[in-house]
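In what follows, a structure is listed as structure tokens, so that the remarks can point back to it.
The values are calculated or read from the model by the stated rules, or taken from the named source; none is laboratory data. All figures in this text were calculated on a predicted structure; none of them were measured in a lab. Heads up, the Cβs are rebuilt from the backbone with ideal geometry, glycines too, and the neighbour counts pull from every protein chain shown.
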Amino acid sequence: MIPVEFQNLIAFLDIFAAVSFAATGALVASRKGLDILGFMWLGVLTGVGGGTVRDLVLDAPVFWVVNSQYLTICLITASIVYFAAPRIESRYTLVLWFDALGLAFVTVAGTAKALDYEVGALVAIIMGVTTASVGGIIRDLIGHEPSIVLKQEIYVTAAALGASTYVLVEGWNLDWLHPALAGFFVTFIVRALAMTFNWSLPGYQRPASK
Amino acid sequence: MIPVEFQNLIAFLDIFAAVSFAATGALVASRKGLDILGFMWLGVLTGVGGGTVRDLVLDAPVFWVVNSQYLTICLITASIVYFAAPRIESRYTLVLWFDALGLAFVTVAGTAKALDYEVGALVAIIMGVTTASVGGIIRDLIGHEPSIVLKQEIYVTAAALGASTYVLVEGWNLDWLHPALAGFFVTFIVRALAMTFNWSLPGYQRPASK
Amino acid sequence: MIPVEFQNLIAFLDIFAAVSFAATGALVASRKGLDILGFMWLGVLTGVGGGTVRDLVLDAPVFWVVNSQYLTICLITASIVYFAAPRIESRYTLVLWFDALGLAFVTVAGTAKALDYEVGALVAIIMGVTTASVGGIIRDLIGHEPSIVLKQEIYVTAAALGASTYVLVEGWNLDWLHPALAGFFVTFIVRALAMTFNWSLPGYQRPASK
């Protein structure tokens, strides 16, 4: 069982993550010139999409059905972006940094929730990656943008490393804070370094001789 | 609990909606020149996709697993469209009006079912919009068509207004018929006016000074 | 209830199918020049996507949460493809034949599992087709490739025929082996003939007079 203080932390992190993900959804809506309902719908789908798939697969009650404030947060965020998009777009780098924080938060929250349902280590890692990336995948599919899965930048990779770190440290039977901090910092630092130095893993190269 | 007579009405509305949604799926198949199995598969995915996601999120038994006549209806509709597509395409406006009726039906049915599972008001509205739009989103993704979410026309908006109306009127503790009628007419009339007068909400405009 | 020996057979077939589907996902990753994490993520989504949707709809525990070796298999397959892709690409025809075997396996396994949950015949057929095709649909959506649903080749059709055969023969109350063999051979032979002779069903033709 996840202790109560960690559940409270997860709930807080989830809200921060919903804000940052909903903001990236609304920014795609602004690039497509949608109306305010389009901002809201894309904001909600991006903000809660990953956690919804995680909860369905774990057979857990869907988090935003249990507690609808996640929806409220996504709708408010999308509305703010609609009216403030010019100022936000000119601060796109800031949004990317918030998104990196959100990525690190949901990776930890997704992996922790999966382990709380007593799944195996590999399943927990996949659940962390799912929570971190499925909202963005849905956003890019509906917005006709290149999927984050196809981009060379280290995004899914950061989540996979962070989730793996969480599972590894959790196996040492320390208290709940250690794996959470370790998973958070690995995800965030890997993503931050990749953003700062334009890192990418070597993509598969089709041999020239072909 | 939803009273039995309303459950019967919902079941009837669901069938009408499955027909109209499956028809729009099959018409995308006709634009892509698919074979009859392609018509059927796209008809089924469009016809039951939205309600399936609603039931999964609510942790309700999936409606077409409980009662497979929804599948039968979708398959028959898709087959009819395959053989009658030229005549149907030339009546595309008629199809759009049926689709508007279907939209109003499933918005009411989706919102009512969600409230019957005792979710909050906002969750019920999102479930109404989900039931109304996810089938079309899947259809447009697979058919490589611009998503209904990206179009400027008032479609998701009509569902959102209708679902909100339902939840509002339902809160007055009248009998079941009043919220259903109110939700239906708001959805249908908003969509009908938008179709007739080519209404659209103002899309986000990137500032010229940028 | 499915007898134990058939459950063992299904588990074995599922693993073979996960390998062949994950390989097709990884080959899309190679066409897109992704890094090794991209290969893995696309391999996992393609390898377990169809079965995941089947289990969610049936309200069954998701198979790879119960037994994470399916994930391991997909990750290993994707890694092998990453390092051996040139050799595999030059044997693309071989991959297509493995994929046809995988298609026949999961069609049988998906239909059998659905019937084990005591759904109706039509639902079981749709579940067989879902298991067989949803992984590929997700792969093509994320990889920006034309969806297998849009292609003229007989793929979904082979699965639909195989699943229908399974349900038909199962209705004769023979032992479990007969419907499994019949479903397998119908799916595989139809797909094999379609590949060999470039068969396709007649696509819908827009009338010239229009």
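Details
- One residue stands out in the stretch A:144-160 among those that are surrounded by fewer than 21 Cβ atoms within 10 Å (Cβ to Cβ) and either of a type in the set (Lys, Arg) or more than 8 Å from chain C (Cβ to nearest Cβ) (or both): the one that is farthest from the chain's Cα centre (by Cα), namely A:His144.
- Filtered residue count, the stretch B:116-131, keeping only those that are more than 11 Å from chain A (Cβ to nearest Cβ) and either surrounded by fewer than 23 Cβ atoms within 10 Å (Cβ to Cβ) or in contact (Cβ under 8 Å) with a residue 60 or more places away in the chain (or both): 2
- Apart from one condition, C:Ala26 fits all of (1) facing another protein chain (nearest Cβ under 8 Å); (2) small (Gly, Ala, Ser); (3) within 11 Å of C:Val81 (Cα to Cα); the exception is (1).
- Qualifying positions in the stretch B:132-143 - over 15 Å from A:Gly38 (Cα atoms) and either at the interface with chain A (Cβ under 9 Å from one of its Cβ atoms) or in a loop (DSSP other than H, G, I, E, B) (or both): B:Asp140, B:Leu141, B:Gly143
- Every condition in (1) more than 30 Å from A:Arg31 (Cβ to Cβ); (2) charged (D, E, K, R); (3) in contact (Cβ under 8 Å) with a residue 60 or more places away in the chain is met by A:Asp140 except one, and the failing one is (1).
- One residue from C:Phe83, C:Phe63, C:Phe39 being facing chain A (nearest Cβ under 10 Å) and either crowded, with 22+ Cβ neighbours inside 10 Å or closer than 30 Å to B:Ser68 by Cα (or both): C:Phe39
- B:Gln7 meets the conditions (1) surrounded by fewer than 24 Cβ atoms within 10 Å (Cβ to Cβ); (2) within 13 Å of another protein chain (Cβ to nearest Cβ); (3) not aromatic (Phe, Trp, Tyr) in every case but one. The failed one is (2).
- Residue match in the stretch C:175-194 (condition: under 23 Å from B:Ser30 (Cα atoms), under 20 Å from the mean Cα position of the chain (by Cα) and surrounded by fewer than 22 Cβ atoms within 10 Å (Cβ to Cβ)): yes
- B:Ala78 vs. criteria in contact with a Gly (Cβ under 7 Å, 6 or more places away or on another chain), closer than 17 Å to B:Gly128 by Cα, surrounded by 23 or more Cβ atoms within 10 Å (Cβ to Cβ) and more than 10 Å from every other protein chain (Cβ to nearest Cβ): no
- Taken together, the residues in the stretch A:145-174 that are in a loop (DSSP other than H, G, I, E, B) and closer than 30 Å to A:Val28 by Cα amount to 10.
- Residues satisfying the criterion are absent from the stretch C:12-19 (criterion: at the interface with chain A (Cβ under 9 Å from one of its Cβ atoms) and among the charged types (D, E, K, R)).
- Residue match in the stretch C:130-142 (condition: more than 21 Å from C:Val53 (Cα to Cα) and either over 13 Å from the mean Cα position of the chain (by Cα) or not polar (S, T, N, Q) (or both)): no
- Filter pass, B:Asp99 being among the acidic types (Asp, Glu), more than 14 Å from chain A (Cβ to nearest Cβ) and either in a helix (DSSP H, G or I) or buried (at least 19 other Cβ atoms within 10 Å of the Cβ) (or both): yes
- Boolean, A:Val108 is touching a residue at least 12 places away in the same chain (Cβ under 8 Å) and either over 18 Å from A:Gly25 (Cα atoms) or touching a Ser or Thr at 6+ places or on another chain (Cβ under 6 Å) (or both): yes
- Qualifying residue in the stretch B:194-210 (condition: more than 13 Å from chain A (Cβ to nearest Cβ), touching a helix residue (DSSP H, G or I) at 6+ places or on another chain (Cβ under 9 Å) and at pLDDT 90 or above): no
- Reported count of residues in the stretch A:102-124, each being charged (D, E, K, R) and in a loop (DSSP other than H, G, I, E, B), is 1.
- Looking across A:Thr196, A:Thr157, one residue alone is among the β-branched types (Val, Ile, Thr) and more than 21 Å from C:Ile142 (Cβ to Cβ). It is A:Thr196.
- Residue check for B:Gly51: in contact with an Asp or Glu (Cβ under 9 Å, 6 or more places away or on another chain), farther than 24 Å from B:Leu193 by Cβ and away from chain A (no Cβ under 12 Å): yes
- Taking first residues from the stretch C:188-210 that are over 21 Å from B:Lys32 (Cα atoms) and partners that are at pLDDT below 75 and part of a loop (DSSP other than H, G, I, E, B), the Cβ contacts under 7 Å between residues at least 6 apart in sequence or on separate chains come to C:Leu193/C:Trp199.
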